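In what follows, a structure is listed as structure tokens, so that the remarks can point back to it.
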Amino acid sequence: MIFSRRGRPTKLRLDYELIESLVPDGAKVLDLGCGDGQLLSDLIEHKRCVGRGIEIDETAVLECVRRGVPVYHGDMLEGMSFYRDGEFDVTILSQTLQQVMKPPEAIREMLRVGRRAIISFPNFGHWSVRLGLLWTGRMPRTALLPYHWFNTPNVHLCTIKDFRAFCNREKLARVREIFLTPGQWRIGPWLANWRAGLAIFQVQRAGREE
Amino acid sequence: MATDDGIPVAEDSRLGRAHSVGLVETRAFTFAEPPEELELECGQRLGPITLVYETYGELSPARDNAILILHALSGDAHVAGYHTPEDRKPGWWDICVGPGKPFDTTKYFVICSNIVGGCKGSTGPSSTNPATGKPYGLEFPVVTVSDMVRAQKRLIDHLGIERLLSMVGGSMGGFQVLEWVVRYPERVASAMAIATTARLSTQGIAFNEVGRQAIMADPNWMGGNYYAKAAPRAGLAIARMIGHITYLSDTQMHAKFGRRLQDRESVGYDFKTDFQVESYLRYQGDSFVRRFDANSYLYISKAMDYFDLAERYGSLVQAFERVRAEFLVLSFTSDWLFPTYQSKEIVKALKANGVPTTFLEIPSAYGHDAFLLPNDRLADTVTGFLANVQRRVRARAGKDTKE
């Protein structure tokens, strides 16, 4: 269930650790769809970050309050609109891209309020998804994508290739690309669009100094 | 805006009577003795001023656990517990204040004071004017939310509290919270604004005006000079009835009363009480006139109308420039008097100033009154927020001592 965005386990997972490693010490961070606030609370505690979250699920918001993470209950585009340009060093969209209603707007906003964006998403190009559809002729339902077609919250699934093309179209520089197998093993870029279950991209506006 | 509309709370539940602060007493603090009167926003001077207040729990030796509760239009200093063992009902927010409750009196020192202009012991239009020896009536100067807060600040000084751990207010109590953090930013570590706004809406002013007109149209009102005679009960009762409707929701009224008839089998084709909802509103009106002064209603509702932080500071963003407190802003889905968009305006302006702010819209069918009613979401949010604020404040203080 690594693609469920809620109920993030308390145990640090590899993708969390990797995202955490991409965030500089003391950075000002906005986590979109921050769930129960685990990642932010770790960043605040381990890296002395200033953390803010946006979350639509009210039960998850309550968890953030318990953890002491300031969070906005509501839509992420609305929540981001409250912030000034360049307010954050890093904005994070962790395993939520596929559920966002307007991905281009969301990512543009992320790079308006933040200098760089870290975006992780399940890779729809993984071989199990491709073969699942090919062999069974039905919408893929795997450990990676556990939903039925009729009740999935995932409205904007994409592959790693799709996301790279999207970055080119939006003139985004891909600063880092990290790939994980569904079993949470880190792998290199070789055949990543077949092998990776999860991709983590760090992007920023093209032409901007790091 | 305490109502008798509460959903029943089991006595032994965590919000129930079994977790009561017990017997409490109201105290009084008098200041601004002439010639040191308080200069009010309207330019007039008022003094002496008495504020009545209650406290619950113990102030810590470091004086770092004080929380100020700010009441709404018809509230008073009696937040929790009982004045005598015979009291039928506890204070107006007993579900939230007490041992083990969100404002946990085993951890926090909780203070609530009655506002200036009120009629529950603090100086207001029904108090004696020292210049004439008679009740002020309309000679009482028009007070504002900012006057209320400047008076409360004197009380907090008097109690020897340098910095409040937190403050909380719903509705007009929220106005005072916002005024406090803007006016005395260094005195407040955190703040909770519940079902409130930074400026009363046009609709809010409109409803207040209907209430005031009802009072002033009552022949017994007599220009506010009724203290030796019969009070304008009918007018005040109508003001309360209209106010009460705005505190409820369509859904909730329907669920509670439907179109059920009161004490009759069919409609009476007369102008006596047909429907339960009529009977309920009349009861609310009648019980309110027994405990509230009509002139205070005029003054306090006027203070609400005047409240507009954006206007005073140019914009809400500018108003919050000096805010240092971290914030919890809460609204309720069915509140149409102080709707969620008004809370979001507060959140937006706080965020524009980089103030750590948590916002949550709590689902409730109970309308504006939801903040006074038992609600686990509200209770858990307040509990979690306060625990973290206290942890951070103490960690920071510890660091300062080491340095």
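Key figures
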item	result
Cα pair count fraction exceeding 19 Å, expressed as % - region B:235-366	66
Dipole of the protein assembly as shown [Lys/Arg +1, Asp/Glu -1 at C-beta], most positive-end residue of B:TYR226, B:ALA10, B:SER74	B:ALA10
Helix-only [θ]222 nm of chain B, DSSP H runs n ≥ 4, -39500 (n - 2.57) each, per residue, nearest 500	-11000 deg cm²/dmol
Neighbour count of at most 11 Cβ within 10 Å plus DSSP loop: longest chymotrypsin sites (Phe, Trp or Tyr not before Pro)-free window in chain B	B:1-268
Cα-Cα separations in region B:25-128 greater than 18 Å, expressed as whole percent	54
Spin-label model distance (nm) - B:ASP380 vs B:GLU25, 7 Å beyond Cα toward Cβ	4.0
5 angstrom amide H check on B:VAL188, placed H, neighbours 5+ away	B:LEU164
Listed residue (A:LEU22, A:PRO104, A:ILE118) projecting farthest to the positive dipole end of region A:4-126, Cβ model	A:LEU22
Partners for A:LYS161 among lysines (Cα-Cα distance below 25 Å; same-chain residues under 8 apart left out)	A:LYS102, A:LYS171
Within chain B, longest stretch free of exposed trypsin sites (Lys or Arg not before Pro) [DSSP loop, at most 13 other beta carbons within 10 Å]	B:89-228
Cα centre as origin, Lys/Arg/Asp/Glu Cβ charges: region A:70-210 dipole, Debye	540
Karplus 3J(HN,Hα) series, Hz, for region B:221-227 with 6.51 cos²θ - 1.76 cosθ + 1.60 (x for Gly, Pro)	5, 6, x, x, 9, 10, 5
Sequence-distant lysines (8 or more away, or on other chains) whose Cα lies within less than 22 Å of B:LYS272	B:LYS256
Using θ = phi - 60° and Karplus 6.51 cos²θ - 1.76 cosθ + 1.60, couplings along region B:371-377 (whole Hz; Gly, Pro as x)	5, 9, 9, x, 8, 4, 4
Partners for B:LYS229 among lysines (Cα-Cα distance below 27 Å; same-chain residues under 8 apart left out)	B:LYS120, B:LYS134, B:LYS302
Karplus 3J(HN,Hα) series, Hz, for region B:262-278 with 6.51 cos²θ - 1.76 cosθ + 1.60 (x for Gly, Pro)	9, 6, 8, 7, 9, 4, x, 6, 8, 10, 7, 5, 8, 9, 4, 5, 5
Chain A: calculated mean residue ellipticity at 222 nm from DSSP helix runs of at least 4, using -39500 (n - 2.57)	-9500 deg cm²/dmol
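Every read-out reported here was derived from the displayed coordinates using simple, explicitly stated rules and does not represent laboratory data. Please read these numbers as outputs of a predicted model, since none were measured by experiment. Every residue, glycine as well, gets a Cβ built from its backbone with ideal geometry; the counts of neighbours run over all protein chains shown.
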